[in-house]
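Single-structure report; data block below.
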Amino acid sequence: MSARNQEIEVKNLTINGQALQAEDGTVILEAARSIGIFIPHYCYHPKLSIAGCCRMCLVEIQGQPKLQPACRTPVEEGMIVSTDSSKAIRAQRAQLEFLLLNHPIDCPICDQAGECGLQDFYMMEFGQHKSRFAKEEKIKRPKAVAIGPHIVFDAERCILCTRCIRFCIEIAKQPEIGTKNRGNHSQITTFPGQQLDNPYSINTVDICPVGALTSKDFRFKIRPWFLYSTPSVCPGCANGCNIFICINKKHYVNLQRAQIYRLKPKENPEVNDCWLCDEGRLSYKLVNENRVLQPHIRQDGQLVLVSWERAINEIKNRVQKILTEYGPQRIGALASSKATNEANYLFKKFAHEVLETPNLDFLKGLTGYGDDFLIREDKTPNTRGAIDLEIGPGAGGIGAAEMLSPANPLKGLWIMGAEPTESYDNEQVNEALASLELLIIQTSNFTASCQWAHIILPSATFAEVDGTFINYKGRVQRVFKAMQPRPESLANEVILGRVARAMGYDWQEHTPAEIMRQIAAEIPRYHGLDYEKIGDKGIQT
Amino acid sequence: MEKLLTKNIHLPDSHKIETYRATGGYKALAKALGEYSPEDIIDIVKRSGLRGRGGAGFPAGVKWSFMPKGTERPKYLICNADEGEPGTFKDRVILEKDPHQLLEGIIIASYAIGAQQAYLYIRGEFNLAIQRCEAAIREAYEHNFLGQNIMGKYYSLDILLPIGAGAYICGEETSLMESIEGKKGWPRIRPPFPANRGLFGCPTTINNVETLANVPHIIERGVEWYTSIGTDKNHGPKLYCVSGPVKRPGVYELPMGTPLPEIIFDHAGGLFEGRQLKGVIPGGSSTPILRPDEIQVNMDFDSLAKAGTMLGSAGIIVLDHTMCIVRSTLILANFYHHESCGQCTPCREGTGWLENILHHIEEGHGRPGDTDLLIEICDNIMGNAICPLGDAAAMAIGPAVKKYRDEFDYHLTNKQCLPETRK
Ligand SMILES: Cc1cc2nc3c(=O)[nH]c(=O)nc-3n(C[C@H](O)[C@H](O)[C@H](O)COP(=O)(O)O)c2cc1C
Ligand code: SF4
Ligand code: SF4
Ligand code: SF4
Ligand code: FES
């Protein structure tokens, strides 16, 4: 027997007549799932402890007089399970009827409609349910209670599966909620004087199988069945949690009407399991709010809107002027740990070839709260990438700190995708920027330093481009373009290419995938990598 | 039969240690610590056939033998004195009148399973019992029956007296443990079983008051003597509680397996004049009711199981012909609805629904089909809940509806009670 076989014992069993093998310790519910048999369940969640309280998953096991909960009964050798015997089906129907007894069935005004386990069942599986319990007698309970900054609770819809409670204890490690009262008066409640405000609270909305917990941010905005999801990576910190970006409609992907309505966790056991932090989840707002939507040029102290053509022309003239009058030592270039590797890579090339300057660095962005679960102190998604790409001063060049100090020798500065005051002292930065002859800021959103900019170029956000981020552990992960860039804004690498060509350089237009291959060829750590290999789960380097 | 469990209760100051010792108390403890190893005691109790008096009748010695040996983890003994089952008031007699008998049993049992900490979890409403147990524990410490090196031997035990806060469900062994741990009284799912992971996650044995009160007698007088009392596989003395319209309601100590009619008609003196027997709930409210034609049964675990019901807590509730079965079933449904912990779906929702329907029938606005619906709901709860409380509700209600179906249907048709049961 091989060592592997000794480690993991395999059990042979039968579910609904189908023979299968499952590892020792697997519960029946998971074993069934592995062969495509779905056992209804509400309280069971693969990432939480097992409560066994909803009793939806009862199955018949030959030789056992009582039905057993599939969610907590491990497989055994020779076990014969049936999930569709008349006894099991009867029990499932009975539990469903019990659960609906005091349930308001207000699907038309419920945010969960369309992704509700309860609705799915009574509508789809068991046919239209005819209530044997008078509607007027249903227990009245509080509805639409704000139990935390992000969460609204509807006690009538709650089926007391306790997933939210277990999440707070086991995952968020902040027990803020529990149940009060007994019997059918039981109710989820926050503990006295507390609210559901742990940094991960919105995950409870994801795992609530019904519409009892809804997100304040998302509720009533749109029906979930309209939403279209694209995989991506959260831009909120260096952890690189995997997400889905949900926009309003599939065919809006290429239209300007596309809007992000929410971010959802995308399961990746290597990074975030199936969780997101609240801050990261709400970080999509930067895509919708305060966007720079057209190039700007400062004229007589005022920023005015101009065409791309005009902006690039202006850049060409003014950059050339600085280069000829002062030389490349007097111009600086700052990339960003918020930008993709593809953008940063091209920016480095741009600094070397077009600006001809050794004064290159990247801005590190904000730091803040971090913990030992997901949230990192580094609030940018790609610091590791910028380090690996060696975005830093060349021979004789100066770094970001020097560039942004009042004593800097610079006449011109090009900043891509970052806000200097996030990492450096406000006053010093202002003084440094105010003294410049030319400040070009390539940015997706208006930030404080735009007040000093001579030229502002609208760039696309993470949601509007293809590219890669590298998380703090060195995992390369792809972001996928979930929607077209907002009007007039362009991906960073597209902007750099256009400017380079305008200034007479023979730069080809490269797709992000092609740029990645160049990176892989150049940086030993990434040898052999391409988008296909990275896939949608990422690769540890 | 010679009285054992209740032999002292009529003595003045029966609850005091002097009285208890004057009648031979704590001799069994001396014998246990002096002559027997813990394994010997487990073996003796096993052979005595002592079955748990808390309801399920599980052999006590076997339960004790499940405790893991040679573990570094602390072990606990819990005495379940939550006595909340309607119709049951037997443990209370021991707690109030002869607490030392119980303490002696607790100490011997703790010694047998290797526990150095015992808990006596007592129902919060039992004011007198709490006072008496507190005093008894103090006395036992003073006489070195508790504490360090008990009776000079190499065995030490401490005991705590947690007080329940008024939940029937906290008499269920695992929610009782949650309660001691300071949590909400929600039963745990088994496995793991308490012998492996019980109180604070450590090996724990839990026994009923009456079960433990039997132990000193077994140690003192031996297995042969003990097994001579009672019927086959149902040995020893048993406390029966009789309530309802009988002439002498109360607690009766009789051999296990005493016939039910003998208890009701001889010991409890029969029904009030002019009353006819309508039914008997034999083992506390959770056990299926027996019709008058079914009461020829011996009151032990196996005979009652054969009769389709249970010995339970031996709380015999007598109903006479003036009592409305719908109303009495409603009262029980109300109880289970009120006491359901709310953790699992069938019991949480089912008990409320049962009460709702029974309420309608009793109030005269039941709907056709309600009788069948009641039975169906009970069937849907039975066996599908996390703990036995759900089953208990189903057993208290389902059989009553089935066996007195005519009376339920009479309510549905006539919108009122049978003439003889009207208030
Ligand atoms: C709802 C419920 C209430 C219970 N209440 C009590 C009780 O008050 N006292 C008791 O001894 N056992 C009670 N039990 C039984 C206990 O769970 C447990 O089986 C018993 O204490 C074991 O003791 P024994 O083996 O000595 O009988 C209850 C069980 C259930 C399901
Ligand atoms: S609020 Fe949702 S997750 Fe929490 S117990 Fe209720 S149904 Fe379950
Ligand atoms: S932990 Fe970081 S990456 Fe994950 S969701 Fe939060 S901000 Fe985003
Ligand atoms: S059966 Fe009732 S009392 Fe027991 S766990 Fe379920 S809801 Fe609670
Ligand atoms: S999923 Fe198994 S009991 Fe809830």
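A few notes on this one:
- Qualifying residues in the stretch A:180-200 (those that are open to solvent by less than 10 Å² (accessible area, probe 1.4 Å) and part of a loop (DSSP other than H, G, I, E, B)) - the one farthest from the other protein chains (Cβ to nearest Cβ): A:TYR200
- One residue stands out among those in the stretch A:409-438 that are under 23 Å from A:LEU286 (Cβ atoms) and part of a loop (DSSP other than H, G, I, E, B): the one that is farthest from the chain's Cα centre (by Cα), which is A:TYR424.
- Complete set of residues in the stretch B:65-79 that are open to solvent by 80 Å² or more (accessible area, probe 1.4 Å) and closer than 18 Å to B:THR174 by Cα: B:PHE66
- Residues that are of a type in the set (A, V, I, L, M) and under 25 Å from B:TRP64 (Cβ atoms) within the stretch B:1-47 comprise B:LEU4, B:LEU5, B:ALA28, B:LEU29, B:ALA30, B:ALA32, B:LEU33, B:ILE41, B:ILE42, B:ILE44, B:VAL45, listed in sequence order.
- For the stretch B:382-397, filtered to residues that are within 14 Å of another protein chain (Cβ to nearest Cβ) and part of a helix (DSSP H, G or I), the residue that is farthest from B:CYS324 (Cα to Cα) is B:PRO388.
- Test result for A:ALA51, within 16 Å of ligand 4 (Cβ to nearest atom), open to solvent by less than 10 Å² (accessible area, probe 1.4 Å) and within 28 Å of A:SER131 (Cα to Cα): no
- Among the residues of the stretch B:41-61, some residue qualifies, meaning at least one is open to solvent by less than 60 Å² (accessible area, probe 1.4 Å), closer than 19 Å to B:TYR155 by Cα and not assigned by TED's automatic domain parsing to the domain that holds B:HIS267.
- Counted as qualifying within the stretch A:56-157 are the strands (runs of 3 or more DSSP E) with 1 or more residues that are within 14 Å of chain B (Cβ to nearest Cβ), namely A:58-61.
- With respect to the conditions (1) within 18 Å of B:PRO237 (Cα to Cα); (2) free of Cβ contacts under 8 Å to residues at least 60 places away in the same chain; (3) open to solvent by 20 Å² or more (accessible area, probe 1.4 Å), B:ILE9 falls short on a single one, namely (2).
- Pairs with Cβ under 7 Å, 6+ apart, first in the stretch B:186-210 and at pLDDT below 95, second open to solvent by 10 Å² or more (accessible area, probe 1.4 Å) and not basic (Lys, Arg): B:ILE189/B:ILE386
- Criterion: at pLDDT 95 or above and within 14 Å of another protein chain (Cβ to nearest Cβ) - qualifying residue of B:ASN334, B:ASN298: B:ASN334
- Qualifying residue in the stretch B:401-421 (condition: among the polar types (S, T, N, Q) and within 14 Å of chain A (Cβ to nearest Cβ)): no
- Set B:GLY52, B:GLY105: member being within 18 Å of B:ASP300 (Cβ to Cβ) and touching a helix residue (DSSP H, G or I) at 6+ places or on another chain (Cβ under 9 Å): B:GLY52
- Checking each residue in the stretch A:240-270 for being under 15 Å from the mean Cα position of the chain (by Cα), part of a loop (DSSP other than H, G, I, E, B), in contact (Cβ under 8 Å) with a residue 12 or more places away in the chain and more than 8 Å from ligand 3 (Cβ to nearest atom) picks out A:LYS266, A:GLU267, A:GLU270.
- Leading residue by the ranking (farthest from ligand 1 (Cβ to nearest atom)) among those in the stretch B:355-374 that are within 13 Å of chain A (Cβ to nearest Cβ) and within 18 Å of B:SER285 (Cα to Cα): B:LEU374
- Residue list for the stretch A:297-319, restricted to those being polar (S, T, N, Q) and open to solvent by 60 Å² or more (accessible area, probe 1.4 Å): A:GLN299, A:GLN302, A:ASN313, A:ASN317
- The set of residues in the stretch A:134-188 being touching a helix residue (DSSP H, G or I) at 6+ places or on another chain (Cβ under 6 Å) and within 16 Å of ligand 5 (Cβ to nearest atom) consists of A:ILE159, A:ARG163, A:CYS164, A:PHE167.
- A:GLN62 being out of contact with any Ser or Thr (no Cβ under 7 Å at 6 or more places or on another chain), under 18 Å from A:ILE89 (Cα atoms), open to solvent by 70 Å² or more (accessible area, probe 1.4 Å) and modelled with pLDDT of 95 or more: yes
- Condition met for A:ASP24 (more than 35 Å from the chain's Cα centre (by Cα), outside the structural domain of A:VAL210 (by TED's automatic domain parsing) and not β-branched (Val, Ile, Thr)): no
- When residues of the stretch A:158-179 are limited to those that are within 21 Å of A:PHE218 (Cβ to Cβ) and assigned to a loop (DSSP other than H, G, I, E, B), the one farthest from the other protein chains (Cβ to nearest Cβ): A:ALA172
- A:GLY52 vs. criteria in a loop (DSSP other than H, G, I, E, B), out of contact with any Ser or Thr (no Cβ under 6 Å at 6 or more places or on another chain) and away from chain B (no Cβ under 14 Å): no
- Condition broken by B:GLN131, with the remaining ones in (1) touching a Lys or Arg at 6+ places or on another chain (Cβ under 7 Å); (2) open to solvent by 40 Å² or more (accessible area, probe 1.4 Å) satisfied: (1)
- Residue selected from the stretch B:293-345 under the condition aromatic (Phe, Trp, Tyr) and either without any contact (Cβ under 8 Å) to a residue 40 or more places away in the chain or closer than 30 Å to A:CYS57 by Cα (or both), by the criterion most open to solvent (accessible area, probe 1.4 Å): B:PHE335
The values are calculated or read from the model by the stated rules, or taken from the named source; none is laboratory data. Since the structure is predicted, the reported quantities are computational estimates derived from the model, not experimental observations. Virtual Cβ from ideal backbone geometry, glycine too; neighbours counted across all protein chains shown. When the accessible area is computed, the model is the full protein with side chains, heavy atoms only, and any ligands, DNA or RNA have been set aside. Shrake-Rupley method; radii C 1.70, N 1.55, O 1.52, S 1.80 Å.
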